[in-house]
Every structure is written in C-alpha cells, then in structure tokens.
Amino acid sequence: MLPLFRHTSTVQVQKKGAPTEIGHSRGGASTKIHAVVDAYGNPVHLMINEGQRNDIVYAIPLLEQVKIPEDSQILANRGYDSDQLIDYIYSRGAVPTVRRKA
C-alpha cells in the first residue's frame with residue numbers, strides 16, 4: 001500500500017562558498033536584475049540578486065553608485081515603494097516618482 005503523505009525536511013543548511021545570486025524556490029532557479037538607467041534608457045549601473053529577495057533591499061545601495069543630478073526625477077515601480085527610499089531621494093535633491101502599493 002502506498003503512503004498517503006510524505007515527510008519533508010525543514011532543516012536549513014548554511015550555504016558554503018561565495019554567493020551565486022541565484023535563488024531557488026519551488027518554481028526553480030530565479031534571479032532579479034536591478035538597473036539604474038539614464039533619461040534615454042541606457043543602463044548606468046546594474047545589480048543582480050536572488051529572485052526571492054525583496055527589491056527594496058537593493059534600492060539605496062544601487063542609487064549610491066551613481067551621481068544623481070539635482071532636480072532630477074527618480075522613477076521606480078511598486079517594488080521600491082518605501083518611506084526610507086523616498087526620504088533618501090529627497091535628501092539627494094531629486095524628486096521621487098514611485099507608485100504606491102495598494
């Protein structure tokens with residue numbers, strides 16, 4: 001007779017070696033690419049992270065890599081909606097345009 005359930009392990013194992021920035025989930029391997037682009041859409045700086053990580057974690061470190069001209073507009077999608085990021089953009093002399101989460 002076949003078992004009606006299967007036990008799975010929930011023990012987390014510490015990764016060894018350097019991070020590969022490839023995340024793993026039920027759907028398989030995933031990676032996110034975060035980019036700062038200029039007014040013409042040309043990439044200025046890129047960062048790669050694991051797919052299951054939150055986008056906002058990389059917003060400020062990404063913006064610290066580029067010189068933001070005063071009175072410029074910073075556009076971002078909902079994944080980057082946070083008061084900390086908006087305050088950071090204002091402190092650099094720019095205007096944030098980030099769509100708020102519902």
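The values are calculated or read from the model by the stated rules, or taken from the named source; none is laboratory data. The structure presented is a predicted model; accordingly, all values stated were derived computationally and were not measured. Counting neighbours? That spans all protein chains shown, and the Cβs are built from the backbone with ideal geometry, glycine included. For the accessible areas, the whole protein counts, side chains as well, though only heavy atoms, and no ligand, DNA or RNA atoms are used. Shrake-Rupley method; radii C 1.70, N 1.55, O 1.52, S 1.80 Å.
Give me the net charge of Tyr90's neighbourhood, meaning all other residues with Cβ under 12 Å from the Cβ of Tyr90; Lys, Arg count +1, Asp, Glu -1. Display every interim value, and only then the final one.
Details: positive: Arg92; negative: Glu70, Asp71, Asp83, Asp87.
Cβ neighbours under 12 Å give a net charge of -3.
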Legend entry - Amide H within-cut-off set for Ala94, under 5 Å, with H built and near neighbours excluded: Asp71
Legend entry - Exposure of Arg78 as accessible area (Å², to 10), given a probe of 1.4 Å and all protein chains: 100
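Would segment 45-84 count as rounded, prolate or oblate if I go by the C-alpha gyration tensor, calling it rounded below 1.5 in a/c and otherwise prolate when a/b exceeds b/c, oblate otherwise? Walk me through the numbers on the way to the answer.
Numbers: a/c = 2.41, a/b = 1.50, b/c = 1.61.
It is oblate, given that a/c is not under 1.5 and a/b is not larger than b/c.
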